[in-house]
1. If I ask for residues that are in contact with a helix residue (DSSP H, G or I) (Cβ under 8 Å, 6 or more places away or on another chain), touching a residue at least 24 places away in the same chain (Cβ under 8 Å) and either part of a loop (DSSP other than H, G, I, E, B) or not assigned by TED's automatic domain parsing to the domain that holds A139 (or both), which ones from the stretch 32-59 would you list?
2. Which residue, of S162, S117, S202, is modelled with pLDDT of 95 or more, part of a helix (DSSP H, G or I) and within 19 Å of the chain's Cα centre (by Cα)?
3. Assess whether R365 counts as being in contact with a Leu (Cβ under 9 Å, 6 or more places away or on another chain) and either under 30 Å from L149 (Cα atoms) or surrounded by fewer than 19 Cβ atoms within 10 Å (Cβ to Cβ) (or both).
4. Within the stretch 131-144, does at least one residue satisfy the condition of being assigned by TED's automatic domain parsing to the domain that holds A53 and part of a loop (DSSP other than H, G, I, E, B)?
5. Please enumerate the residues belonging to the stretch 261-272 that are of a type in the set (A, V, I, L, M) and at pLDDT below 95.
6. Every residue in the stretch 112-144 that is under 19 Å from S80 (Cβ atoms) and out of contact with any strand residue (DSSP E or B) (no Cβ under 8 Å at 6 or more places or on another chain), please.
7. Going by what's in this entry, would Q300 be described as at pLDDT below 95 and not assigned by TED's automatic domain parsing to the domain that holds H81?
8. Considering R129, R97, R38, which residue is among the basic types (K, R) and modelled with pLDDT under 95?
Amino acid sequence: MSEVDDGVELSAEFLSSLTQLAAGEWNAITGTDYPFLRHEFLCGLEATHCTTAETGWQPCHLLLRQGETLAAVMPMYLKSHSYGEYVFDWSWADAWRQSGLDYYPKLVTAIPFTPASGPRLCHNTLLERTAAWQLAVNAVSRFADERSLSSWHMLFPSEEDSQLLLQTGMHQRTATQFHWFNDNYDCFEDFLATFNSRKRKSLKRERRRVVEQGLKMQTLVGDEITEEHWDQFYRFYQFTYAKRSGHGGYLTRAFFLETAASMGEQVVMILASHEGSPVAGALCFRSSDTLYGRYWGCEQEFDCLHFEACYYQGIDFCIANGLQRFDPGAQGEHKIQRGFRPVTTWSNHWIADPKLSAAVGDFTRREAQHTEMYKQSAAEYLPFKTTPETATNQDNR
């Protein structure tokens, strides 16, 4: 496929494996600050058998070239199910079946198993942002038409990119997550000082309860994480997934020992031990300004340990390292009373069938109204003192 942009022919290529492109070429376009777009991360998911045709995540990454020059890249997958996406479309699949059509396979642009917002289409300086998106939409929609695919879904792009996709004709969905923001705190006590008295006492009680149970917390970064630590964490991860969903999780042992371990200082592991033995852990990734909470697991249940490992230790890390935001993952209204503010997340959707596309468009417009009402309602339960400054800060999130 090819198009002409300012007199230069652009060609689209779809890779069935990221091993077909050198890490240096991909990373030169994406950069390496956002950890989930790094070649090492995405290619590692393939190499450790997490994203394959057998798991329902067949790589189908988009490259745009200007002549011989790589101009833009975008992760993409052929999906045979809707697991591991965190933007729920099961009802859409039912509607397709009722219409006598196949919903799967579909195309998904996303970071597998990772509901973290961030860049999705990355391009060089020769391509203007709006033009890059239009070229990508044209290339992907043609690719989908040629293969009779039902749809293409862009999950967790930035708001700016989502608005550009809306202008190209893709439908837009919104949802709500809960993120922590660093308002120049010097320590955790500074953060707690913004709480009303009752909520502040409650959070202190939770942290104190962890200490009273004899739990010791340890934060490890990069090379401080040994193979033994990775094995312990994988055991926690599997145990918790099996307890919650009946299977051992989407990620393999090799992913943690090889891919995650190769990410250097961008990996942060929080371990809890009791009487000298590790009992639980939380795994995060970081960029220059954001901490992303990703995976949690435990072998023994302790009161308030999940909150300590997955939230409070992460806040401590952000404050100590000057990170401005902590994205702890999808869902979880219990985060609100712990100082995580409701924020909007975005997704965009191209639907091949005109009649079903119209129905999806109507659904997303009505859903957006409910999402905004929910976000505003959730903000009313934040634990902060009610002051003009606090209200202004909340409105600007």
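The values are calculated or read from the model by the stated rules, or taken from the named source; none is laboratory data. None of these values were measured; they are calculated from a predicted model. Here the Cβ positions follow ideal geometry from the backbone for every residue, glycine too, while neighbour counts run over all protein chains shown.
1. Answer for the stretch 32-59, where residues must be in contact with a helix residue (DSSP H, G or I) (Cβ under 8 Å, 6 or more places away or on another chain), touching a residue at least 24 places away in the same chain (Cβ under 8 Å) and either part of a loop (DSSP other than H, G, I, E, B) or not assigned by TED's automatic domain parsing to the domain that holds A139 (or both): R38, T48, H49, C50, T51.
2. Only one candidate qualifies: S162.
3. Answer is no for this residue.
4. Checking the stretch 131-144: not a single residue is assigned by TED's automatic domain parsing to the domain that holds A53 and part of a loop (DSSP other than H, G, I, E, B).
5. Across the stretch 261-272, the qualifying residue is only A261.
6. Listed by number, the list holds a single entry, F113.
7. yes
8. One residue alone meets the criteria, R129.
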